[in-house]
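Since the structure comes first, as structure tokens, the remarks are kept for the end.
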Amino acid sequence: MSAIDDLPPLSEVVREHGLSAQKSLGQNFLFDLNLTAKIARTAGTLAGHTIIEVGPGPGGLTRAILAAGAERVVVIERDRRCLPALEQISAHYPGRLEIIEGDALKVDMAAIASGPARIIANLPYNVGTQLLVSWITTETWPPFWSSLTLMFQKEVAERIVARPGEDAYGRLGVLAGWRTRSTIMFDISPKAFMPPPKVTSSVVHIVPRENVLPCRLASLEAVTAAAFGQRRKMLRQSLKSLGRDPGPLLEQAGLEPTARAETISIEGFVALANALDNSATG
Ligand code: SAM
């Protein structure tokens with residue numbers, strides 16, 4: 001692919017604005033236009049949605065999102081050095097790109113979305129994971145977003161989509177699987193980034209489940225923290241850290257006391273969370 005718009009090539013933009021990648025901000029920029037277009041396509045239909053892109057950097061992915069037909073894109077970028085490059089894109093697509101300078105962890109994204117929203121992000125993995133958890137744990141469900149298309153280190157992506165019995169299955173997989181359906185769409189080689197990161201990345205696409213098994217989030221988090229905190233131990237042992245006798249909880253949830261966390265389905269953890277709440281009120 002040679003060009004997707006009449007703007008200068010990204011490498012020139014980066015040079016012109018002196019955007020040397022900063023490690024402290026987790027900056028690894030994607031220059032490959034085929035890949036940015038593929039990520040934009042992965043998000044689904046863009047027209048008719050507010051597209052929130054977190055961490056646009058010099059705007060490679062932003063340009064792909066706009067070229068793919070997004071009518072309203074809101075980007076949130078922490079590094080003010082990137083703002084002139086983003087302003088240039090905004091001028092090229094009048095009225096379609098809004099720029100917010102700031103820390104995405106502090107921005108109220110639900111307030112930005114008018115109508116259905118899709119979130120797209122290529123973020124440092126610690127910020128990405130923290131945001132993912134905040135998007136999955138919003139009080140209102142279904143949430144304000146209709147999809148999340150996120151890039152993670154492959155190892156983190158595997159934890160998000162993991163199923164019971166898999167090594168990567170843990171607290172993140174239970175939380176994500178409880179409220180969403182998530183799929184690893186494709187991997188991205190370190191070579192596609194400037195500078196190249198140490199590990200392979202994966203693009204994960206996540207959509208909200210319509211019928212979520214009812215339970216209290218705090219209780220689900222409590223039982224998964226206890227169970228996976230000692231993942232090699234049997235539940236009758238690991239659940240003692242909840243401060244209750246695990247026996248009656250496990251019986252009420254219909255789980256074997258000798259089972260280990262990594263074999264318990266999401267339904268099992270939900271049953272356990274509800275048993276914990278019943279034991280508190282009963
Ligand atoms: N999206 C661009 C791309 O794919 O080439 C840049 C990706 S780079 C891995 C991550 C970007 O997120 C950087 O531009 C960085 O400045 C920004 N960033 C890091 N932490 C952030 C935060 N807390 N809030 C908003 N942006 C952040």
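The values are calculated or read from the model by the stated rules, or taken from the named source; none is laboratory data. Everything quoted here is computed from the prediction, not taken from an experiment. Neighbour counts run over all protein chains shown; Cβ positions are idealised from the backbone, glycine included.
Annotations for the structure displayed:
- Residues considered: Ala117, Ala70, Ala111. Of these, the only one that is crowded, with 16+ Cβ neighbours inside 10 Å and either within 18 Å of the chain's Cα centre (by Cα) or free of Cβ contacts under 8 Å to residues at least 24 places away in the same chain (or both) is Ala117.
- Residue pairs meeting the criteria (Cβ under 8 Å; at least 6 apart or on separate chains; first in the same structural domain as Leu66 (by TED's automatic domain parsing), in the stretch 83-107; second modelled with pLDDT of 95 or more and of a type in the set (Ser, Thr, Tyr)): Leu86/Thr62; Ile89/Thr62; Arg96/Ser90; Leu97/Thr62; Leu97/Ser90; Glu98/Ser90; Ile99/Ser90; Leu105/Ser134
- Helices (runs of 4 or more DSSP H) wholly inside the stretch 74-161 containing at least 1 residues that are of a type in the set (Lys, Arg): 154-161
- Failed criterion for Ile99 (all others in (1) at pLDDT below 95; (2) over 15 Å from the mean Cα position of the chain (by Cα) hold): (1)
- Of the residues making up the stretch 29-47, those that are assigned to a loop (DSSP other than H, G, I, E, B) and closer than 22 Å to Val74 by Cβ are Ala43, Gly44, Thr45, Leu46, Ala47.
- Taking the listed residues Thr183, Thr200, the one that is under 25 Å from Ile264 (Cβ atoms) and either without any contact (Cβ under 8 Å) to a residue 60 or more places away in the chain or in contact with a His (Cβ under 8 Å, 6 or more places away or on another chain) (or both) is Thr183, with no other qualifying.
- Scope the stretch 51-66; condition outside any strand (DSSP E or B) and near the ligand (Cβ under 7 Å from one of its atoms); matching residues: Gly55, Pro56, Gly57, Pro58, Gly60, Leu61
- For the stretch 84-108, filtering for residues that are within 11 Å of the ligand (Cβ to nearest atom) and farther than 16 Å from Ala64 by Cβ leaves 8.
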